[in-house]
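Down below is the structure, laid out as structure tokens.
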Amino acid sequence: MVEVYPAQHFDFFILFNSFYPFQDKKALLDALAKVANPGALIVLFDYSVPTAQAHSKKEIKLVDFSGKDIWPMDVEHLKGDLNATGWTFLKAEDLTEQYIKWYKDLLKNLEAREDTSKGSFTPDTTQRVKDTFSALLERLHTHRMGGVVVYAQRESFKMRQIHK
């Protein structure tokens, strides 16, 4: 069942590694804008297309452990999508080094707890998770993918009229 929220219902959105499965990020931003109060904030932590060098989508494309495609954010393209859907880009911060640390720690913890997780997860599921995060870590290390946090704010109706 899909829940429908009234317009101008939320003041804050945080998406942590949940933006990547959406190929049409603009449609998602538009949907969030419809239920956001004027002045609402959105914080997106997710995978990014490296800015230092261009890579084809084929090189970057991955599938996560649940089978969903990973579509990293292109921050420059995202700025246009934010603007087109009534959000104001505030800033972006590169978190690639933090993602590398998080994924190294995650893989180390998965390895250390492998015996205790046998009752909760099948060996196939555990291996899929390890394979996914190992592939993500490799792409982060080789700069074929990055990590980023993007901050944006919902424009008020008055500000939207000024920008038009």
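Readers should treat all values here as calculations from the given coordinates under stated rules, not as data from a laboratory. Model, not experiment: these values are computed from the prediction. Every residue, glycine among them, receives a Cβ derived from its backbone with ideal geometry; neighbour counts consider all protein chains shown.
For the pair GLN127/ASN37, report the inter-label distance in nm, with labels modelled 7 Å from Cα in the Cβ direction.
Rounded to a tenth, the inter-label distance reads 5.0 nm.
Here are some pairs, LYS68/LYS104; LYS79/LYS108; LYS25/LYS101; LYS34/LYS104; LYS34/LYS108; LYS34/LYS91; which of them have Cα atoms lying more than 32 Å apart in this structure?
Cα-Cα > 32 Å for LYS79/LYS108; LYS34/LYS104; LYS34/LYS108; rest within.
Determine the gain in length on full extension of the stretch GLU114-PHE65; use 0.36 nm per residue of separation and subtract their C-alpha separation, reporting nm with one decimal.
That works out to 16.0 nm of additional length.
What's the FRET efficiency of ASP105 with TYR151 using the Cβ-Cβ distance as r and R₀ = 22 Å, to the nearest 0.05?
0.30
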